[in-house]
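Rule-based calculations on the coordinates, nothing more; no lab input. Because the structure is predicted, anything quoted here is derived from the model rather than measured. Positions of Cβ are backbone-derived with ideal geometry, glycine not excepted, and every protein chain shown enters the neighbour counts.
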Amino acid sequence: MKQASPTPLLKVSDLRVSFHTETGVVRALDGVDLQISEGEIAGLVGETGSGKSVTGNTIMGLIPKPTGYVDGGEILFDGEDLLKLGSEALRRIRGKKISMIFQDPFTSLNPVHRVGDQIMEVIRLHQPITREEAASQACQIMEMVGIPEPSLRLRDFPHQLSGGMRQRIVIAISLACRPRLLIADEPTTSLDVTIQAQVLDLMVDMNQKIGATILLISHDLGVISETCGKIFVMYAGRIIEWSDTKLFFERPLHPYSQGLIACLPRIGERHARLRTIPGTVPDLREVPAGCRFHPRCPRRTEVCQSERPVLEEAEPFHWVACHRWKE
Amino acid sequence: MRTRPFPNLWRRLRRNRLTVTGLVIILLMILFSLLAPSIAPFDPFKQDFSLIMKPMDRVHWFGTDQLGRDILSRILFGSRITITISFFSVCLGMILGSLTGLLAGYYGGRIDSAIVWMTDLALAFPGMLLAIAVIASVGPGLEGIIIATAVYSTPQFIRLARGSALLEKRKEYVAAASCIGETDFSILFRYVLPNCLAPLAVLFTLQMANVILIASGLSFLGLGVQPPSPEWGAMLSQGRTYLQTAPHLSIFPGLAIMIVVLSFNLFGDGLRDALDPRMRV
C-alpha cells in the first residue's frame with residue numbers, strides 16, 4: 001500500500017447535492033469529504049440510499065439536470081475543481097482521465113454497436129489515430145482484461161456475450177485511454193459469485209498494470225475488504241468513518257461500522273438468524289438532527305441528537321465522525 | 001461468423017404467412033411500377049373513342065374507361081404516382097418528425113413542452129381535414145399532396161420518437177457514453193437514435209398505408225393529382241359517375257388501393273411482432 005502523497009489525486013470536500021422532487025427536497029449528499037491518493041484502491045461502502053452512487057455520479061458530472069443540484073463543496077481532481085469546468089472541458093476529461101463502470105453490464109453497452117467499435121470509439125475520441133491503430137489498441141486492451149480471441153470478439157454485439165464478458169468489455173472501454181481515476185459503481189453486483197471474484201481480481205490487476213486509481217463503490221463489505229486499501233463508510237449522505245482497511249476491520253470506531261461488521265455472516269459461527277442493525281436509513285427528506293445515525297445508535301446521548309459530529313483523526317489513517325468514539 | 005443487430009428478423013418475419021403475403025404484394029407493386037412502361041399493354045393516356053367503357057375482355061383485361069383508355073395500363077402507371085407520393089411523404093414526415101421528437105425527448109424542458117403541445121394539437125385534427133387544410137394553402141398537385149400528407153404524418157413520428165428517446169436516454173449506456181466523453185450530438189445520433197429505429201421502422205410501414213389512403217382520398221376529392229394523371233383516387237372519382245352502367249371503372253382502382261393499403265398494414269403488423277416479440281398477443 002502506497003503512503004498518502006501530499007496532494008491527493010481526488011479530493012472531495014464538503015460536497016452537497018440535493019434533488020428537488022415532487023415530494024420534497026432530498027438532500028442526498030450533505031457534506032461529503034473524500035481523499036484518494038494516486039494508485040490507491042479506495043472503497044466507498046454504505047446501505048442503499050446512503051448516497052454512494054450519487055457521490056460517484058457527481059464526480060463524473062452525471063447529476064440529472066432538471067432535478068439535481070450541486071449546492072456546494074468542491075471536487076478537486078489533480079488540483080482542478082471539476083465543478084467549475086465547462087461542459088467541453090469536462091467532456092475531454094471524461095473517458096480520458098476519469099472513467100466510470102456501471103453496475104449492470106447488460107444495460108451499460110449500446111445494444112446496436114459491435115463491442116469492438118464501442119472500445120475504439122473512446123480511443124478515437126481522445127486520440128488522433130486511425131481506425132486500424134484504434135482496432136489494434138482495442139485488441140490489446142481486450143487481451144489485457146482477459147477476453148480470449150479479441151480479434152474475433154471485436155465483431156460481436158453485446159447480446160452475444162455473457163454477463164462476465166460484457167463487464168470485461170465495459171472495463172476495457174473504461175480503461176482504454178489509461179485513465180488516472182476509475183469510478184466503479186457496484187461493478188460486480190449483477191454478476192454471479194465466481195464471476196464477481198474474477199472481475200475484482202481483474203480490477204486489482206489493472207490497478208497494478210495501468211496504475212489507475214480506483215474508487216470502488218459497493219454495499220458489500222466483503223468485496224471492499226478483499227480489494228481496497230482504504231475504506232470510506234457512508235451513512236445518510238455523509239462520510240461517518242474512513243480508514244485504512246486493515247485498521248477498520250480490526251477496530252471499527254463508529255457504532256454503525258461496528259454494526260455493519262457484526263452483520264457479516266461468518267463460517268462456523270452458530271446463529272439461528274443473521275444479525276441486523278435495527279431500524280432503517282432515514283428518509284433524506286426529513287433527516288434527524290445532530291448525528292444522523294442517532295435514532296438507531298445503541299450508544300446515543302443527548303449531544304448526539306443536537307450536534308453534528310465532525311470527522312476527527314482517531315489514529316493515523318483512521319478518521320471518524322462520532323461524539324463517543326473514545327468510549 | 002456474420003453478425004447483425006437483429007439476427008432473427010427474417011426468420012421471425014417469415015413465420016407469419018400474412019406478413020410474407022404483405023411483403024410480396026408490396027415488392028410486386030414496386031416491380032410493376034418500375035416496369036410499367038414495358039409491361040403495360042397500352043399507352044395509359046391514349047384515348048380511343050371506339051372503345052369507350054368496354055367491359056373486361058382478352059385485349060383490355062380490366063376494360064376501358066369513359067375516354068376509351070385501358071384501365072390496366074392506367075393502374076400500372078398509377079402505382080408509380082402512389083409510390084412516389086407515399087414514399088416521399090413518409091420519408092419527409094419521418095425525417096422531420098424523428099429529429100424533432102428525438103431532440104424534444106432528449107433535451108426536455110420548455111422546447112419539449114412546446115413541441116408536445118403542438119403535436120397534440122395537430123393530432124387532434126382528423127388526418128384528412130389537416131391534409132385538406134394544407135392543400136388549401138399550398139395548392140393541389142403532386143408536390144401539394146406530398147407536403148399535405150407529410151404534415152399529417154410528422155406529428156405521429158414526433159410522438160413516437162420522443163417517447164422512445166425518453167425511454168432510451170435513461171438507459172445506462174447513455175450515461176456510460178457521456179462518461180467516455182461523447183458529445184451530445186454523438187450520443188443523440190449514435191446511441192439514442194439507432195436504438196429508437198425499430199419502432200420508427202414499424203410506424204414507417206403503417207404510415208405508408210395511411211398516406212396512400214389519404215392521398216387517394218384527396219385525389220378523389222379533386223384536391224390531389226389532377227387528371228389526366230392515372231392516379232387511383234382520381235380514377236375512382238371519375239368512374240363514380242358511371243357506377244351503375246360501368247362499375248369496372250371504379251372497382252379496379254378501388255381494389256388496387258385496398259390491396260396495397262392492406263399489404264402495407266399486414267407487413268407493418270408483422271414487422272412490429274418480429275422486432276418486439278413482447279408485443280405479440
Discussion item. Pick from A:Leu83, A:Leu200, A:Leu62 the residue whose mean-square fluctuation is largest in a GNM of chain A, springs joining Cα atoms under 10 Å.
Written reply: A:Leu62
Worksheet item: Within the P(r) computed for segment A:125-274, what percentage of the Cα pairs occupies the region above 23 Å?
Response: 47
Worksheet item: Rg/Rh for segment B:115-194: what does it come to with C-alpha atoms and Rh from Kirkwood?
Response: 1.18
Worksheet entry | Inter-probe distance in nm under a simple model that places probes 7 Å from Cα toward Cβ, at A:Thr194 and B:Ile95 | 5.4
Practice prompt. Calculate how many DSSP beta bridges within chain A are antiparallel, expressed in % of all such bridges and rounded to the nearest 5.
Written response: 65
Worksheet entry | Surrounding net charge for A:Gly163, when Lys and Arg each add one and Asp and Glu each subtract one, Cβ distance under 11 Å | 0
Item to complete: Go through A:Lys11/B:Lys171; A:Lys11/A:Lys97; A:Lys97/A:Lys209 and tell me which ones have a Cα-Cα distance over 20 Å in this structure.
Response: A:Lys11/B:Lys171
Discussion item. Apply the a/c threshold of 1.5 to the C-alpha gyration tensor of segment A:184-233 and tell me whether it is rounded, prolate or oblate.
Written reply: oblate
Worksheet item: Once the Cβ-Cβ distance between B:Trp117 and A:Ile267 is put in as r, and R0 is 56 Å, what FRET efficiency do you end up with, to the nearest 0.05?
Response: 0.35
Fill in: Three-way shape label, segment B:1-129, alpha-carbon gyration tensor, a/c 1.5
oblate
Worksheet entry | For chain A, calculated [θ]222 nm from helices alone, where every DSSP H run of n ≥ 4 adds -39500 (n - 2.57) | -9000 deg cm²/dmol
Worksheet entry | Cut-off 12 Å between beta-carbons: net charge of the residues surrounding B:Asp70, Lys and Arg +1, Asp and Glu -1 | 0
Response to the item:
Cα-Cα pairs in segment A:13-89 separated by more than 14 Å, as a whole percent of all pairs, come to 64
Practice prompt. Normalising by the residue count of segment A:77-161, find the relative contact order in percent from Cα pairs under 8 Å and 6+ residues apart.
Written response: 32
Item to complete: With no solvent and one equal point scatterer placed on each C-alpha of the protein assembly as shown, evaluate the Debye formula and give log10 I(q)/I(0) for q = 0.06, 0.09, 0.11 Å⁻¹, two decimals.
Response: -0.48, -0.83, -1.05
Worksheet entry | Percentage relative contact order, segment B:208-269, counting C-alpha pairs under 8 Å, at least six apart | 33
Discussion item. Restricted to Cα positions, what overall size does chain A have along the principal axes? Three whole-Å values, descending.
Written reply: 67, 51, 43
Discussion item. Based only on Cα atoms, what mean projected area does the convex hull of segment A:75-147 have, in nm²?
Written reply: 6.4
Discussion item. Testing the spin-label approximation: label points 7 Å from Cα along Cα→Cβ at A:Arg131 and B:Ser50. State their distance in nm.
Written reply: 6.5
Item to complete: Work out the mean other chain Cβ neighbour count within 10 Å for the residues of A:109-115 and drop it here as an integer.
Response: 6
Fill in: Dipole in debye (nearest 20) - chain A, about Cα centre, beta carbon charges: Lys, Arg +1; Asp, Glu -1
220
Response to the item:
The alpha-carbon center of segment A:1-70 and that of segment A:251-327 are separated, in whole Å, by 20
Practice prompt. Given the options B:Gln226, B:Gln156, B:Gln244, state which has the largest fluctuation in a GNM of chain B using a 10 Å cut-off (strictly under) for Cα springs.
Written response: B:Gln244
Item to complete: Mind sorting B:Tyr152, B:Tyr106 by how few other Cβ atoms lie within 10 Å of their own Cβ, fewest first?
Response: B:Tyr106, B:Tyr152
Discussion item. Report the Cα-based extents of segment A:71-199 along its three principal axes, largest first, to the nearest Å.
Written reply: 44, 38, 24
Item to complete: Name the residue, out of A:Val26, A:Val54, A:Val170, whose mean-square fluctuation peaks in a Gaussian network model built on chain A with Cα pairs under 10 Å.
Response: A:Val26
Worksheet entry | Diffusion coefficient, µm² s⁻¹, Stokes-Einstein with Kirkwood Rh over alpha-carbon pairs of segment B:1-77 at 25 °C and 0.890 mPa s | 163
Worksheet item: For segment A:103-172 and segment A:176-200, what is the separation of their C-alpha centers, rounded to whole Å?
Response: 15
Worksheet item: Rounded if a/c is under 1.5, else prolate if a/b beats b/c, else oblate: with a ≥ b ≥ c from the C-alpha gyration tensor eigenvalues square-rooted, which is segment A:136-211?
Response: oblate
Discussion item. Students often get this wrong: which residues of segment B:193-233 have the backbone nitrogen under 19 Å from the point 7 angstrom along Cα-to-C-beta of B:Asp43?
Written reply: B:227-231
Practice prompt. For segment A:202-327, give the magnitude of the charge dipole about the Cα centre (Cβ charges: +1 Lys/Arg, -1 Asp/Glu; no others), in debye to the nearest 20.
Written response: 360
Worksheet item: Taking only C-alpha pairs under 8 Å that are 6+ residues apart, what is the relative contact order of segment B:117-199 in percent?
Response: 26
Worksheet entry | Cα-centred dipole magnitude for the protein assembly as shown, charges only on beta-carbon of K, R (+1) and D, E (-1), debye, nearest 20 | 1260
